[in-house]
Amino acid sequence: MAQATTDKPAARPSDALSNETLLKWLYDMQLIRDFEARTMQAYQQAKIGGFCHIYSGQEASAVGCTAAVEHKDPIVLAYRDHGHALARGMHPAACMAEMFGKLAGCAKGKGGSMHMFDRPNYLFGGHGIVGAQTPLGTGLAFAERYKWEVLETGPKRVCLCFLGDGAIDQGAFHEAKNLASLYGIPVIYVIENNGYSMGTAIHRHTANHDRLTMRGEAYGIKSIEIDGLDIRNVYDKMKVLVDECRDLQRPGFVDLKTYRYQGHSMSDPQKYRTKEEVDEFKSQDSIANLLDYLMRDENDGGRGCITEDEWKAMQKEIKEIVMDALEFAENAADPDPETELTTDTYAYPMKNLSPSDTYSHGAKNPLL
Amino acid sequence: MTTAYTPDLSKITSEIHPAIGHWELPTFVAEHELPSRDGDRVIQFREALREAMSEEMRRDKTVFLIGEEVAEYNGAYKVSQGMLDEFGPKRIIDSPISENGFAGMCIGAAMNGLKPIVEFMSWSFSLVAADPILNNAPKMLYMSGGQWGCPIVFRGNDGAGGQLGSTHSWCVEGLYANVPGLKMAIPSNPYDAKGLLKTAIRDPDPVFFLESERMLGDKAHVPEEEYYIPFGRARKAREGDAVTLVSWGRPVHFCMDAAERLAEDGIECEVLDMRTIRPLDIDSIIESVQKTNRVVIVDQSWPFGGVSSETMAQICETCFDWLDHQPVRVNTRDVPTPYAKGLEAAYLPNADRIAEAVHKVIAATT
């Protein structure tokens with residue numbers, strides 16, 4: 001029997017989402033953009049120390065991918081992590097206070113910019129060693145499958161494990177992919193491919209750079225490419241993959257093509273790329289792209305759900321929130337070395353663990 | 001839209017850090033309340049390890065064992081023999097030869113509510129997993145500001161296994177014990193192996209559990225009942241008043257041999273089996289040194305920046321005035337582990353070298 005046919009184009013998963021959801025995306029992307037602008041200022045004023053990696057330009061990735069999973073699905077990533085933390089729902093003040101090294105920061109000032117952890121939001125950390133988070137993400141997903149299959153205490157879950165294109169060359173990642181495919185582990189490796197491994201362009205750091213999906217397929221992992229500058233596209237493709245990986249309890253691999261507007265870190269003079277290249281990507285900006293769609297009339301293929309004035313009001317509200325976060329971070333208390341230096345070292349401290357220090361538990365994490 | 005951020009920074013009062021969730025500690029008893037070390041039920045070291053793991057896996061379904069050849073091969077050294085039959089392939093898991101990958105994976109699993117036991121066929125192979133086991137597991141609790149801990153056990157053979165050459169004969173305790181955030185246990189006998197491994201599995205922190213290929217066949221009485229040996233309490237393996245021999249793991253046996261030989265010359269050695277390196281029971285060392293006023297440390301790893309140096313430093317810091325002679329140590333010789341039988345024997349600490357060190361200390365102080 002012939003199946004019913006239709007001339008309509010296949011529905012995009014994002015078409016089914018409400019205007020409120022898409023407006024929230026816009027809000028979150030702008031929040032990240034504004035937050036990162038203030039982060040750079042604070043860094044230049046030496047209020048933030050250490051290494052600091054700015055996410056501006058890549059917002060559609062964090063917001064779009066996060067939207068494609070459930071809140072309790074674990075997420076883990078590398079050190080360019082402020083955007084994902086905010087997209088996952090971390091309070092901007094907790095994120096900023098962490099970078100300021102304050103006790104009220106998400107890691108009590110012990111982690112810093114590269115180590116954003118948020119347990120209530122199932123964000124299992126930014127991690128500083130390139131590629132090190134890929135076995136961890138595999139393990140987070142392994143535990144979810146174990147809970148579902150062996151303990152019979154949980155639903156099927158999927159873990160999102162983000163990494164940069166620089167991490168794809170690490171041995172740990174190859175081992176992680178092999179294990180994930182071998183054991184049937186529902187982890188999706190999202191390569192946020194911004195074209196640079198620090199200052200080394202992708203064609204100079206990895207073989208077959210234009211066919212990264214081969215790196216997933218080689219391990220029997222469903223592998224797709226995504227244009228990561230269009231958030232609706234990110235969501236559409238990710239949603240399908242997430243649903244499949246969740247259902248089949250299999251890993252996934254995503255080459256998500258994106259671009260960072262700032263240098264690798266705050267200390268990067270960016271001699272390896274041209275201003276024209278940066279401008280070219282800025283002309284395809286993901287926030288402008290989504291805003292255009294949301295402003296355009298429904299008859300014109302848009303949503304018509306936000307006006308110019310409402311957008312300005314949204315930007316203003318976000319600006320205030322970010323300024324509040326800065327003010328909070330500025331005024332928050334430093335961790336006291338007397339009480340906080342040695343805490344959180346051992347979950348079960350005991351005598352004689354150290355010749356110089358005794359351990360205790362200290363202050364509760366502000367997010368818990 | 002965003003509500004005010006009002007963090008609660010009150011003090012944590014629980015014994016176990018809340019970062020690792022609900023956790024039940026076993027009941028620890030004093031040394032003399034532990035089941036008797038004498039009895040008829042004699043089993044091998046490897047069987048004692050298996051019994052510890054099996055008991056804990058029956059008790060707690062979140063515990064699983066992973067490693068190379070642990071399942072279908074029944075364990076490269078037969079430690080996990082029969083466990084696949086009892087627990088099935090979802091909990092006794094053969095891994096590819098991929099230490100970096102599966103060690104890291106298990107750290108993620110430990111953060112997310114499971115209690116993995118990771119078997120390294122040899123601790124020598126753990127070197128390719130150095131980043132996850134040193135950079136992630138012991139630091140997770142601290143780095144996350146007390147949001148996630150890492151309850152995991154890494155275990156396997158440590159030290160020269162017998163003519164395996166230098167890459168396969170690592171004693172990792174000197175390297176790894178340097179890192180805060182981890183605990184380290186090194187049993188010397190089957191009885192302690194069972195009691196310490198059970199404690200390791202029940203501990204909410206990452207525990208590095210170092211066994212020895214050369215001792216897996218050692219037999220001794222091991223009680224069938226459950227018992228937990230607390231970390232940080234040394235065992236007095238022999239009473240004596242002339243000199244304190246401090247050791248852990250396999251060299252404890254060399255110390256006992258030397259002590260017996262020395263007793264024939266009227267020199268009574270006190271032998272302390274430290275059982276755990278981190279925590280290190282310096283209190284028991286101090287108590288013994290106050291009696292003997294002399295100490296020899298026997299360590300089967302290298303001397304430079306190792307556990308013997310640490311022990312010496314702590315002795316000097318805590319009971320210097322009680323010493324009649326500077327602390328002396330007997331280590332492996334400071335070279336890569338050789339292959340030839342005679343060279344390897346000369347490389348390792350042994351009863352001869354220990355007895356010589358004791359004679360030297362005694363001669364200089366009497």
Exercise for review: Using Cα positions and a limit of under 26 Å, work out the lysines in reach of B:LYS360, with same-chain residues fewer than 8 apart set aside.
Suggested key: B:LYS236, B:LYS291
Check your understanding: With a 10 Å Cβ neighbour count serving as the proxy for reagent exposure, in which order, fewest first, do A:HIS264, B:HIS325 appear?
Key -> B:HIS325, A:HIS264
Point to revise | Cα-based reach from B:LYS341 at 17 Å (exclusive), listing aspartates and glutamates while leaving out same-chain residues under 8 positions away | key: B:GLU213, B:ASP352
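For the pairs A:LYS110/A:LYS351; A:LYS24/B:LYS61; A:LYS72/B:LYS61; A:LYS72/A:LYS271, note any where the Cα-Cα span goes beyond 30 Å.
Working: A:LYS110/A:LYS351 23 Å; A:LYS24/B:LYS61 41 Å; A:LYS72/B:LYS61 22 Å; A:LYS72/A:LYS271 41 Å.
Distance filter (> 30 Å) returns A:LYS24/B:LYS61; A:LYS72/A:LYS271.
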Exercise for review: Could you list the chymotrypsin sites (Phe, Trp or Tyr not before Pro) in the range A:179-250 that lie in coil according to DSSP, counting only those with at most 10 other Cβ atoms within 10 Å of their Cβ?
Suggested key: none
Exercise for review: State the antiparallel share, in %, of DSSP beta bridges confined to chain A, rounding to the nearest 5.
Suggested key: 10 percent
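Where does chain A land at 222 nm, in deg cm²/dmol rounded to the nearest 500, when only DSSP H runs of n ≥ 4 count, each adding -39500 (n - 2.57), divided by all residues?
On the way: 13 runs with 152 residues, N = 368.
Dividing the helical sum by the residues of chain A leaves -12500 deg cm²/dmol.
Report the charge-dipole magnitude of the range B:41-221 in Debye, nearest 20, computed about the Cα centre from +1 at each Lys and Arg Cβ and -1 at each Asp and Glu Cβ. Please report the intermediate quantities before stating the final value.
On the way: 18 positive and 22 negative charges, 95 e Å.
It works out to roughly 460 debye.
If Lys and Arg each add +1 and Asp and Glu each add -1, what is the summed charge of the other residues whose beta carbon sits under 11 Å from the beta carbon of B:CYS106? Intermediate results must be reported in sequence, preceding the final value.
Working: positive: B:LYS115; negative: B:GLU99, B:GLU119.
Surrounding charge for B:CYS106 is -1.
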Revision key, fill the gap. Extend 7 Å from the Cα of A:ILE129 along its Cα-to-C-beta direction; within the range B:109-135, residues with backbone N under 11 Å of that point are B:127-135
Exercise for review: Please determine, in degrees from 0 to 90 and to the nearest 10, the orientation of helix B:99-111 with respect to the longest principal axis defined by the Cα atoms of chain B, where the helix direction is its Cα long axis.
Suggested key: 60 degrees
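Percent antiparallel among DSSP beta bridges with both residues in the protein assembly as shown, to the nearest 5? Walk me through the numbers before you get to the answer.
Values: 12 of 67 bridges.
Around 20 percent of the beta bridges assigned by DSSP in the protein assembly as shown are antiparallel ones.
Once the other residues with Cβ under 12 Å from the Cβ of A:GLY362 are scored (Lys, Arg +1; Asp, Glu -1), what is the net sum? Could the numbers behind the result be given before it?
Working: positive: A:LYS108, A:LYS110, A:LYS364, B:LYS11; negative: A:ASP336, A:GLU338, A:GLU340, A:ASP344.
For residues surrounding A:GLY362, the net value is 0.
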Point to revise | Reach of B:LYS115 by Cα under 15 Å, taken over aspartates and glutamates that are not fewer than 8 positions away in the same chain | key: A:GLU144, B:GLU24, B:GLU55, B:GLU56, B:ASP60, B:ASP203, B:ASP205
Practice item. With unit charges on the beta carbon (Lys/Arg positive, Asp/Glu negative), name the residue among B:THR167, B:SER98, B:ASN136 whose Cα is farthest towards the positive pole of the charge dipole of the range B:41-221. Key: B:ASN136
**Study point:** Computed magnitude of the charge dipole of the range B:69-147 (debye, nearest 20; Cβ of K, R +1, Cβ of D, E -1)
**Key:** 300 debye
Point to revise | Separation between Cα centres of the range B:190-207 and the range B:83-154, rounded to whole Å | key: 15 Å
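With +1 on each Lys and Arg Cβ and -1 on each Asp and Glu Cβ, and nothing else charged, work out how big the dipole of chain B is about its Cα centre, in Debye to the nearest 20. Before the final figure, lay out the partial values.
Values: 35 positive and 53 negative charges, 129 e Å.
About 620 debye.
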Check your understanding: By count of other Cβ within 10 Å, fewest leading, how are A:HIS115, A:HIS127 ordered?
Key -> A:HIS115, A:HIS127
Check your understanding: What net charge do the residues around A:GLY304 carry, taking every other residue with its C-beta under 12 Å from that of A:GLY304, with Lys and Arg at +1 and Asp and Glu at -1?
Key -> -3
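Helix-only mean residue ellipticity at 222 nm, chain B, DSSP H runs n ≥ 4 weighted -39,500 (n - 2.57), per residue, nearest 500. What is it? Numbers along the way, then the final one.
On the way: 11 runs with 114 residues, N = 366.
The per-residue figure over chain B is -9500 deg cm²/dmol.
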Review point. Tilt of helix B:45-59 relative to the longest C-alpha principal axis of chain B, in degrees (0 to 90, nearest 10)?
Key: 30 degrees
Check your understanding: Which is farthest toward the positive dipole end of the protein assembly as shown among A:THR358, B:TRP302, A:THR21, measuring Cα position about the Cα centre, with Cβ charges +1 (Lys, Arg) and -1 (Asp, Glu)?
Key -> A:THR21
Check your understanding: Rounded to the nearest 5, what % of the DSSP beta bridges within the range B:41-221 are antiparallel ones?
Key -> 10 percent
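Quick one: A:HIS205, A:HIS361, A:HIS91, B:HIS17, fewest Cβ neighbours within 10 Å first, how do they rank? Could the numbers behind the result be given before it?
Numbers: A:HIS205 16, A:HIS361 22, A:HIS91 25, B:HIS17 28.
Ranking A:HIS205, A:HIS361, A:HIS91, B:HIS17 by Cβ neighbours within 10 Å, fewest first, gives A:HIS205, A:HIS361, A:HIS91, B:HIS17.
Coordinate-derived values only; no laboratory data. Computed from a prediction, not measured in an experiment: that's the story for all the values here. Quick reminder, even Gly has a Cβ in these numbers, built from the backbone with ideal geometry, and neighbours come from all protein chains shown.
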